[in-house]
Structures are given as C-alpha cells and as structure tokens.
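Structure first, commentary second.
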Amino acid sequence: MRRLFHALIVVFVTVGLVGLGSPAQAAAKKPGVSISKSSVAIPAFDASTVIKPKYRKGPRTKIISSKVTVQGTTKAGRSVRSSGRSVRVTAGKYKVTTKVVFKVKKTKKTKKWSGKKAKSATFTYSVRERAKNCATMADYNAIVVGTDTAFGSFKPEVEALMAQVGASDGSISLEDMYWFFYFEGDDETADYVLHLQEVYGESAAMETVDYKMCASSRRVSVLYVSYTRFDSVPVDEAIYKEIV
C-alpha cells in the first residue's frame, strides 16, 4: 500500500511540474530572450556550488552564447571575479550578471537572421552552506598530538572540531596489543607498546577513530590512548593523527 501511495505521489508531482512549466513556455510568443535569476543549490559545508545562466528563448530565436560573470566575496573574505558558461562558488555574497547573445527572425516566413543581439541582467546572491558535519584542514591542524611530557588534544575537543562522532572499530588494551606483537615476533612494535604502558599505565587502551573530511573522500584518522590521568580523571588523548 505504501508503494502505491508513493507511486501516485510521483505521478501527481510530475504532472504538476509539467503543468507549471507549460504556461511559461507558452508565454514566450515574441522572438528574443528573457533572463531570470537561476536557482543555486546549497553546497555542503566547505564545498562549492555552480551558478549557471538561466534564460528562456522565444520563437524564431537562435542562441549564440550565454555566460555568467560573478563578482563578490566568500564567507572567508576572499574576493571573487570569474566568468564562464558556469562558475563555481563557495558560501558568500555575489553579484551575478547573465549575458546572452542571440539572433532572431522577425517573421516565420523569412529565412534571414538578424545581426547578433545581446541582453544582460544582474542579480544578487547570498549563497549559504549546509551545517558543518565534517573536518576541514584547519580542524586537522588544530589537533594537538600528545607526547610523553605534554598533553595532546582530548577526544571531546577533537570531536567538537570535527562536528560529528567518527567511526571506530573499538578499543584494545595495550596489554593485549603487547602480547599480540610479541607472539607475532614483531619485537620493535611490542617494545613501543611496552613504552606506552610505562607512560600511560598497564590498564591503558588504544582506539582509532576516523572522521569524514569536508568536500573530500579522504578521512582524518586519530589514534587515542585511554588512561586515567594523574588527577584520577579518565581521558582519551590524541597521540597520533593522519589523513587517509
């Protein structure tokens, strides 16, 4: 039953869209071009979106070219001036001029096209972006990696930067890690884990968490060590980070 309702809704919406589009096309009875403000998709956080020319041509009209010229300032304060058949922009405020070059025939019977004509229109845009749910390079750079003698960033701080909870395969105790590498014959890694136990305590554990990066298929991978601090507070401290 739910599938049937869904199918009916799709049909009604499709018919509605076609019905809405028909009068606009029928209204274009004169040769020439009508320019309107194009719709701009809201980009993901720290990503870009495309601005394209939007126009409607009348009968006996041939389009020679169309382009947009974008001028403005990004959210970060960077000045932008760019032209083309389409222009990519990030969040910010812009003035967009659409220019269309075209030719027309005055009557249906004539075979002769007019000379080139041009029409322009300028619109203002305030491009927003979706909520932050990913990590930027600035977030990555802000993560402090702890050492034997200095604290690094703690997990709540990192997750606040990343604006989301990352994906984890779970934690494993340093004790289990040590014996695993010991029996594998990897003495170098076993010695390193033993060193971590000396610094963070025998009951410490490790966990790797991956966070999605904005506008990228890559991830920020952070290695945490979980232990009880000198003031008896349990913490998860970042001791390694990389982009994978």
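Condition first: more than 26 Å from S226 (Cβ to Cβ), without any contact (Cβ under 8 Å) to a residue 24 or more places away in the chain, open to solvent by 50 Å² or more (accessible area, probe 1.4 Å) and part of a loop (DSSP other than H, G, I, E, B). Can you find one or more residues in segment 78-97 that meet it? Within segment 78-97 (the criterion being more than 26 Å from S226 (Cβ to Cβ), without any contact (Cβ under 8 Å) to a residue 24 or more places away in the chain, open to solvent by 50 Å² or more (accessible area, probe 1.4 Å) and part of a loop (DSSP other than H, G, I, E, B)), the answer is yes, since at least one residue qualifies. For segment 203-244, the candidate set comprises residues that are farther than 30 Å from A44 by Cβ and out of contact with any strand residue (DSSP E or B) (no Cβ under 9 Å at 6 or more places or on another chain); within that set, the residue that is most open to solvent (accessible area, probe 1.4 Å) is F230. For V104, the requirement of being closer than 20 Å to T124 by Cα and not hydroxyl-bearing (S, T, Y) is not met. Which of the residues spanning segment 179-204 are of a type in the set (A, V, I, L, M) and either in a helix (DSSP H, G or I) or at pLDDT 95 or above (or both)? Matches in segment 179-204: A190, V193, L194, L196, V199.
Summed over segment 165-177, residues that are open to solvent by less than 40 Å² (accessible area, probe 1.4 Å) and in a helix (DSSP H, G or I) total 2.
The values are calculated or read from the model by the stated rules, or taken from the named source; none is laboratory data. Note that this is a predicted model, so its numbers are computed, not measured. Don't worry about glycine lacking a Cβ; one is built from the backbone with ideal geometry, like all the others, and counts go over all protein chains shown. These accessible areas exclude ligands, DNA and RNA; they are computed on the full protein's heavy atoms, side chains included. Shrake-Rupley method; radii C 1.70, N 1.55, O 1.52, S 1.80 Å.
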